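Inspection log for the structure reproduced underneath, given as structure tokens.
The values are calculated or read from the model by the stated rules, or taken from the named source; none is laboratory data. Given the structure is predicted, the values throughout are model-derived calculations rather than measurements. Here Cβ is always computed from backbone atoms with ideal geometry, including for glycine, and neighbour counts include all displayed protein chains.
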Amino acid sequence: MDKSMLAGIGIGVVVAAAGGAIAGYNVIGKKDPTYAEVLNVAEVTKTVQVPREVCEDVPVTRQKPVKDEKRIVGTVAGALIGGVLGNQVGGGSGKKIATVAGAAAGGYAGNQVQKNMQAKDTYTDVEQRCRTVNESKTKVIGYDVSYQLGDQAGKVQMDHRPGVRIPVKDGQLVLTEQPALELPPR
């Protein structure tokens, strides 16, 4: 064989090997990424009103039950005292009129005195009173996630906080929360 032929074969072998390597890299080396890298995570929050019951003990002044609602004792006592005093005034038939008028005025006065006394007859009790108040609370409803998938950057909202990577399947992000792997028992 000729030297130039040997050189041509050698060069051909080298070119073929290089071409095969480049073709193999393009077929094998260019895989779709299996993970997107997480660049930033920001909580998405919502303010909600949460009702809460607040109870407290409050002193309450109450009227004692009235034993003599018609105030008969005060009226009778007033009439007796008024009649006795009216009887001390005047003479003859004027004395009778003064006694009756004294008894009537004394009965009314006794009734009103008993009424005032009963109104002031109170006691203090403690009563629990409750009311509903609303408190504002901030609740996390999701996460805004910035990611890098190959040469492209993107954003997505997730219902859970991702780790440092998001799985990718068939070129799409897998956004559901993956269960933790359990280690087999030893």
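Answer yes or no as to whether residue 108 is assigned to a helix (DSSP H, G or I) and among the aromatic types (Phe, Trp, Tyr).
It is true that residue 108 is assigned to a helix (DSSP H, G or I) and among the aromatic types (Phe, Trp, Tyr).
In region 31-51, what count of residues is obtained for those that are surrounded by 11 or more Cβ atoms within 10 Å (Cβ to Cβ) and farther than 19 Å from residue 147 by Cα?
Qualifying residue count, region 31-51: 2.
Within region 52-81, count every residue that is outside any strand (DSSP E or B) and exposed (fewer than 10 other Cβ atoms within 10 Å of the Cβ).
Residues that pass the stated criteria total 3.
For (1) within 38 Å of the chain's Cα centre (by Cα); (2) over 30 Å from residue 56 (Cβ atoms); (3) surrounded by 10 or more Cβ atoms within 10 Å (Cβ to Cβ); (4) at pLDDT 90 or above, each residue gets a yes or a no:
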site: 88; (1), (2), (3), (4): no, yes, yes, no
site: 98; (1), (2), (3), (4): no, yes, yes, no
site: 130; (1), (2), (3), (4): yes, no, no, yes
site: 137; (1), (2), (3), (4): yes, no, yes, yes
site: 147; (1), (2), (3), (4): yes, yes, yes, yes
site: 175; (1), (2), (3), (4): yes, yes, yes, no
site: 183; (1), (2), (3), (4): no, yes, no, no
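Which numbered condition in (1) within 15 Å of residue 37 (Cα to Cα); (2) touching a strand residue (DSSP E or B) at 6+ places or on another chain (Cβ under 6 Å) is the only one that residue 124 fails?
Evaluating residue 124 over (1) within 15 Å of residue 37 (Cα to Cα); (2) touching a strand residue (DSSP E or B) at 6+ places or on another chain (Cβ under 6 Å) leaves (1) as the failure.
Restricting attention to region 45-64, and to residues there that are among the polar types (S, T, N, Q) and under 28 Å from residue 115 (Cβ atoms), which single residue is modelled with the highest pLDDT?
In the first step, residues of region 45-64 are kept if they are among the polar types (S, T, N, Q); the result is 45, 47, 49, 61, 63.
Checking which are under 28 Å from residue 115 (Cβ atoms) leaves us with 61, 63.
Numbers: 61: 89, 63: 85.
Applying the filter and picking the extreme gives 61.
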